[in-house]
Amino acid sequence: MDAWLHEAWTTVVSEFSDLSDASQLTRLLLRLGVALTLGGLIGVERERRGHPAGLRTHMLVALGAALFTFVPLEAGFERSDVSRVLQGLVSGIGFLGAGAIIKLSATRQVQGLTTAASIWTTAAIGVAAGLGRETTAVVTTLVALAILAVLRPIERRIGSDDARDGQRNDRGGAREEE
C-alpha cells in the first residue's frame, strides 16, 4: 500500500510541475494579472453603460486569451504551433462577438457591434499580455478606453452611424447602443 501511495503522490507532484521555479510562477501571475486588470478596465466601461458583456465577460476573455498564449510558449511549442493557437483563438472570439450582435429585423437595426468589437479587442489585449508584451497591452487598453468613452460625445454631436450600431435618435442621427 505504501508503494502505491508513494507512486500516486509522485504522479500528483509531476502533474503540478509545469511551474517548476519562482520565475515561471511570477511570470504566470504577472501576465494573467495584467490581462485580468486590463480586461476588467474595459469591462467596467461596458458595465457602466449597461451592456450585457461587462466586467466579468471582458475579464474572462482577457484571461483566456492570455492563458491560450502563455501555455504554448512555456511548453516550448514552435512559433508555427503558437500561430495556429492564435488563429483558433481569433476565430473563437469572433464567434463569441457574433453572439453579441443582434439584428432587429422589424426596425432594420443592428445592435452590439461596439460590444463585439470590445470583446475582440479585449482578446487581443489578453494575447499581448500572455506573450509578455505588457506595455503593448496597457497602451492598447488606454486607446480602447479612449475610443469607448472619449469619442462618445463626439459621435453624438456629429450623428455618426459607425459606432452607434445603426440606431437613430430624435434628430435623425445615429444613437449609441445603450
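What about residue 85, is it of a type in the set (A, V, I, L, M) and touching a residue at least 12 places away in the same chain (Cβ under 8 Å)? Spell out the reasoning first.
Numbers: of a type in the set (A, V, I, L, M): yes; touching a residue at least 12 places away in the same chain (Cβ under 8 Å): yes.
Spelling it out, residue 85 is indeed of a type in the set (A, V, I, L, M) and touching a residue at least 12 places away in the same chain (Cβ under 8 Å).
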Somewhere in the range 29-43, is a residue within 13 Å of the chain's Cα centre (by Cα), surrounded by 24 or more Cβ atoms within 10 Å (Cβ to Cβ) and more than 16 Å from residue 127 (Cβ to Cβ)?
yes
Count of residues meeting criterion [farther than 20 Å from residue 26 by Cβ and more than 18 Å from the chain's Cα centre (by Cα)] in the range 64-83:
5
The condition from (1) touching a residue at least 24 places away in the same chain (Cβ under 8 Å); (2) of a type in the set (S, T, N, Q); (3) closer than 22 Å to residue 119 by Cα that residue 37 misses is numbered (1)
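Coordinate-derived values only; no laboratory data. Because the structure is a prediction, the values reported are computed rather than measured. Because the Cβ atoms are built from the backbone with ideal geometry, glycine has one as well, and the counts that use them run over all protein chains shown.
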